[in-house]
Amino acid sequence: MKKTMMRFTLLGMLLSVFMPLCAQEKKIIHVGTDKLDLVMQVSEKGRLYQTYFGEKLKYPQEYQNLNWWVNASSDGSVVRRGWEVYSGAGNEDFFEPAISVKHNDGNRSTYLHYLSSETQSVPGGVETIVKLRDDVFPVEVTLHYVAYAKENVIRTWSEIRHQEKKPVVLSRYASSMLYFSRSSYYLTEFSSDWAREVQMSTQQLQAGKKVLDSKLGSRAALMMDPFFEVGFDQPAHETQGEVLLGTLGWTGNFSFTFEVDNVGNLRVIPSINPYESPYELAPNTTFKTPDFIFTLSSEGKGQASRNLHAWALKYQLKDGDKPRMTLLNNWENTYFFFNEEKLGALMKEAKDFGVDMFLLDDGWFGNGEHARNNDNAGLGDWEVNHKKLPGGVPALIKYAKEAGVKFGIWIEPEMVNPKSDLFEKHPDWAICYPNREPYYFRNQLVLDMSNPKVQDYVYGIVEKLMTENPEIAYFKWDCNSPITNVWSPYLKEKQNHLYIEHVRGVYNVLERVKKNFPNLPMMMCSGGGGRCDYEGLKYFTEFWCSDDTDPVERCYIQWGFSQFFPAKAMCAHVTSWNRNTSIKFRTDVASMCKLGFDIGLKDLSENDLAYCKEAIKNWNRLQPVILDGEQYRLVSPYETNHMAVNYVSQDKKQAVLFAYDIHPRLYEKLLPVKLQGLDPEKRYKVTEINLMPGRKSTLKEEGKVYSGDFLMKVGIEALKASQTTSTVIELVAE
Ligand code: GLA
């Protein structure tokens, strides 16, 4: 045994003998993974403080050496202030709280005291449950932390309850709170818009607050994504340095507050956005916050992303362990203009093309003056359009069967066009002001999902389609409008609950869908990537990253989303956006995620068709590497004129390298791409795949065998000097 170890074991024994006697033993709560420790301590006055969050401490005995307080004055005098784990408004802390409660007597302060804690094992991890209670008011908060040991991910949420006589009003209800003391903090945010999802930008946090939030209700991530990165002491780097990645599992208004206090410490507060949502909590009912999911890596954000990917595939993403279907979508090919024969022909083409499924998009429903021939009418009327499709969905399924492909269908069930039978019958089912002229986003309104009758109706859309057509193999579930005209006819005087109850209503429906149709894969879509959160992904097998399928833009978008989501969750389709780029470049970009096509196959040349068929076969063969392997981001499009990413299978016997040349400069110096994650001892054969018909690889390394060590230290000359070209390389261990 090493000397230091012996010393600490001895110390541990001594401590365990003497501590009870000196009554000085600190009450410690520890949440740990293989590489991380989050340590909390109960102060002499019974309050709970975070004393450590960082790389795992080797000797648990030393948790006792941590102090609950930090010096909170900048002039050197000792002012003790703790990092209260769930800080209440009105207490002696002068910064942003986690919780704010207006009690029955009007008092607005909350001082939470430690009551008890316990642990239990849950799938993949250990859950720590900590109970806190105000010492004056009967208000309780239960903190939950699930630590996933191997993945180094922590999922945390809080539950608020009380036994006051009348409802209390919650105006803050954070999921959790984390504190950091470092020299500097660099926040990477992901701002968005239609066709411009996940634009990454980084800034140093200075004293005061920075808030990332959404007030859109539904399609909530349209302008800001519900995730962030913080680099400590330096901007988040791919392979080195300490980085925090966090995301909120909430398909509605979210907020992340980053506050640097007077002594340069940072607190991070993830929450449902309390904007316009003071919540009246009745006695003996529980307010459960959404999950905050986070990881901390001391080896850069690449490792942090892999932590989240591994966790998501095992424990969160619907069917994370199952393969995915390639598909042909008709949206950009036909828009609203199709009929049975046309679709039947497309299904045959899909089969010949080699994809698994045909996905029928918008425009198949609504009749008479509410026929869905543009986005003006029909949403809400989920009856097949008899003019376009006289045989209904059953005829389409018959076509699909004959062609030999699966059949999937688009719905946007949470929405209604004022021009619809549904709106004429139930105007009070839509969220809309009773006394103002409504304004419309994409000519539609959002259904009031807080209303249980509306929930039944929305669930009924899926149930009816599935009962009548059990062979429907897939849904693309869209959501194109934020909540506009923010008034719920159902909630009446409780309008302040609308943003929250609406999202809960959506989950009620999704829960029923998942329970009754457990094997139904679904795409979460929201006018592109307006919904992309991990609570949604409990119900959806994948999400649509963006309507922007220009492969150049997609490089940035897929790079951005890959920070938080595994390739398996990210749909990427080959389309006609940016026709200046080759079909090879477009397909190679889409192949690093879940591959699909949304393009008129008739418009493709013979060569392009042959190339695509080959690429689909390759992608299917390599699904276990791309979708289930580990991802390494090698060359950033944000920092260079190229992008490169490699995937390595779990057993490290196979790898795929995707290298893209976006806009290289003339005579630019091209560096070899150094791979990551290979087994240095294994020898890998290098083969370029996805070549245009008749083309031979010009790779220097083609057909040769190299050790993983060599490939990671010297690399492959995979980058080129030409605009929008790509190289896909398969590596197989001998
Ligand atoms: C949204 C989706 C598109 C398509 C259209 C149909 O914009 O993002 O992929 O389904 O709706 O109206």
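The values are calculated or read from the model by the stated rules, or taken from the named source; none is laboratory data. Because the structure is predicted, anything quoted here is derived from the model rather than measured. Heads up, the Cβs are rebuilt from the backbone with ideal geometry, glycines too, and the neighbour counts pull from every protein chain shown.
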Original post:
Which one of the conditions (1) under 30 Å from residue 152 (Cβ atoms); (2) free of Cβ contacts under 8 Å to residues at least 60 places away in the same chain does residue 371 fail to meet, given that it meets all the rest?
Top reply: (1)
**OP:** Exactly one condition in (1) surrounded by 21 or more Cβ atoms within 10 Å (Cβ to Cβ); (2) within 16 Å of the ligand (Cβ to nearest atom); (3) part of a helix (DSSP H, G or I) is not met by residue 350; state its number.
**Re:** (2)
**OP:** Exactly one condition in (1) at positive phi; (2) at pLDDT 95 or above is not met by residue 76; state its number.
**Re:** (2)
**OP:** Would you be able to say whether some residue in the range 654-675 is away from the ligand (no atom under 16 Å from the Cβ), closer than 21 Å to residue 352 by Cβ and acidic (Asp, Glu)?
**Re:** no
Original post:
Going by the conditions given, is residue 271 in contact with a strand residue (DSSP E or B) (Cβ under 8 Å, 6 or more places away or on another chain) and in a strand (DSSP E or B)?
Top reply: yes
**OP:** Report the residue count in the range 189-213 for those that are over 21 Å from residue 412 (Cα atoms) and either at pLDDT below 95 or among the small types (Gly, Ala, Ser) (or both).
**Re:** 5
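For every residue, the table says whether it meets (1) over 27 Å from residue 568 (Cβ atoms); (2) in contact (Cβ under 8 Å) with a residue 24 or more places away in the chain; (3) in contact with a helix residue (DSSP H, G or I) (Cβ under 9 Å, 6 or more places away or on another chain).
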residue: 636; (1), (2), (3): no, yes, yes
residue: 650; (1), (2), (3): no, no, yes
residue: 667; (1), (2), (3): yes, yes, no
residue: 670; (1), (2), (3): yes, yes, no
**OP:** Just give me the residues in the range 112-132 being touching a His at 6+ places or on another chain (Cβ under 7 Å) and either surrounded by fewer than 20 Cβ atoms within 10 Å (Cβ to Cβ) or assigned to a loop (DSSP other than H, G, I, E, B) (or both), in sequence order.
**Re:** 127, 129
Original post:
Taking residue 703, is it more than 21 Å from residue 302 (Cα to Cα) and of a type outside the set (Ser, Thr, Tyr)?
Top reply: yes
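Okay, residues lined up against (1) free of Cβ contacts under 8 Å to residues at least 12 places away in the same chain; (2) crowded, with 23+ Cβ neighbours inside 10 Å; (3) within 30 Å of residue 144 (Cα to Cα):
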| position | (1), (2), (3) |
| --- | --- |
| 280 | no, no, yes |
| 290 | no, yes, yes |
| 308 | no, yes, yes |
| 312 | no, no, yes |
| 315 | no, no, yes |
| 332 | no, no, no |
| 342 | yes, no, no |
| 354 | no, no, no |
Subject >> Qualifying residue in the range 496-506 (condition: away from the ligand (no atom under 16 Å from the Cβ) and more than 28 Å from residue 170 (Cβ to Cβ)) >> reply: no
Original post:
Quick one: how many residues across the range 359-371 are surrounded by 16 or more Cβ atoms within 10 Å (Cβ to Cβ) and either aromatic (Phe, Trp, Tyr) or more than 9 Å from the ligand (Cβ to nearest atom) (or both)?
Top reply: 8
Subject >> Residue match in the range 480-487 (condition: within 28 Å of residue 200 (Cα to Cα) and touching a His at 6+ places or on another chain (Cβ under 8 Å)) >> reply: yes
Subject >> Failed item in (1) touching a helix residue (DSSP H, G or I) at 6+ places or on another chain (Cβ under 8 Å); (2) away from the ligand (no atom under 16 Å from the Cβ), with residue 445 passing the rest >> reply: (2)
Subject >> the range 81-101, subset part of a strand (DSSP E or B) and within 23 Å of residue 208 (Cβ to Cβ), residue modelled with the lowest pLDDT >> reply: 81
Subject >> Members of the range 469-493 found to be away from the ligand (no atom under 16 Å from the Cβ), within 12 Å of residue 446 (Cβ to Cβ) and not small (Gly, Ala, Ser), listed by number >> reply: 483, 484, 485, 486, 487
Original post:
Does any residue in the range 319-330 that is over 13 Å from residue 356 (Cβ atoms) come within less than 6 Å, Cβ to Cβ, of a residue that is within 16 Å of the ligand (Cβ to nearest atom) six or more places away or on a different chain, and which pairs are these?
Top reply: 330/346; 330/361
**OP:** Output the number of the condition that residue 517 fails; it satisfies all remaining conditions of (1) surrounded by fewer than 21 Cβ atoms within 10 Å (Cβ to Cβ); (2) of a type outside the set (Ser, Thr, Tyr); (3) within 16 Å of the ligand (Cβ to nearest atom).
**Re:** (3)
Original post:
What pairs come up if the first residue lies in the range 476-488 and is under 19 Å from residue 498 (Cβ atoms) and among the β-branched types (Val, Ile, Thr), the second is within 16 Å of the ligand (Cβ to nearest atom) and outside any loop (DSSP other than H, G, I, E, B), and their beta carbons are under 8 Å apart, counting only those six or more places apart or on different chains?
Top reply: 483/446; 484/441; 484/445; 484/446
Original post:
For the range 192-263, which strands (runs of 3 or more DSSP E) that fit wholly inside it have 3 or more residues that are buried (at least 19 other Cβ atoms within 10 Å of the Cβ)?
Top reply: 227-232, 243-249, 254-260
Subject >> Residue that is at pLDDT 95 or above, part of a loop (DSSP other than H, G, I, E, B) and buried (at least 19 other Cβ atoms within 10 Å of the Cβ), where the choices are 678, 622, 691, 671 >> reply: 678
